[in-house]
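Step one of this worksheet: look at the structure below.
The values are calculated or read from the model by the stated rules, or taken from the named source; none is laboratory data. This one's a predicted model, so the numbers in the text were calculated from it and none came from an experiment. Please note: Cβ atoms are built from the backbone with ideal geometry, for glycine as well, and neighbour counts cover all protein chains shown. Ligands, DNA and RNA are stripped out before the accessible areas are found, and what is left, the full protein with its side chains, is counted by its heavy atoms. Shrake-Rupley method; radii C 1.70, N 1.55, O 1.52, S 1.80 Å.
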Amino acid sequence: MIRNENGLMAGYVYVDITTDDVGGYVGHARAAVAAQMPTLPNGYSLEWSGQYENMLRVRERLTVVVPITLGLIFLLLYMNTKSAFKPAW
């Protein structure tokens, strides 16, 4: 599909994948594109979007949320047991 986006022509390629490994698929697709086109011509750009973009946002958010959650669980267990050894074990 070709559209006008921010005053520039934009072409889209839609792909339905049959695997749950979106990151792996994009990795293989990037390698295939890089093998065919090592450099893009001037004025062209390439973006990977859709589920892959969502996966990256979720991964970023989880790198912050998971450590905070584990820290809070440790803190609550420490406050309950009055020992740092018990929650760590």
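Under the condition of being open to solvent by 80 Å² or more (accessible area, probe 1.4 Å) and either in contact (Cβ under 8 Å) with a residue 24 or more places away in the chain or on the phi > 0 side of the Ramachandran plot (or both), the residues counted in segment 35-88 number 3. For segment 17-36, a residue qualifies if it is in a loop (DSSP other than H, G, I, E, B) and either closer than 15 Å to residue 48 by Cβ or not charged (D, E, K, R) (or both), and the qualifying residues are 17, 18, 19, 21.
Evaluate the following for residue 70: is it more than 23 Å from the chain's Cα centre (by Cα) and part of a helix (DSSP H, G or I)? For residue 70, the condition - more than 23 Å from the chain's Cα centre (by Cα) and part of a helix (DSSP H, G or I) - is not met.
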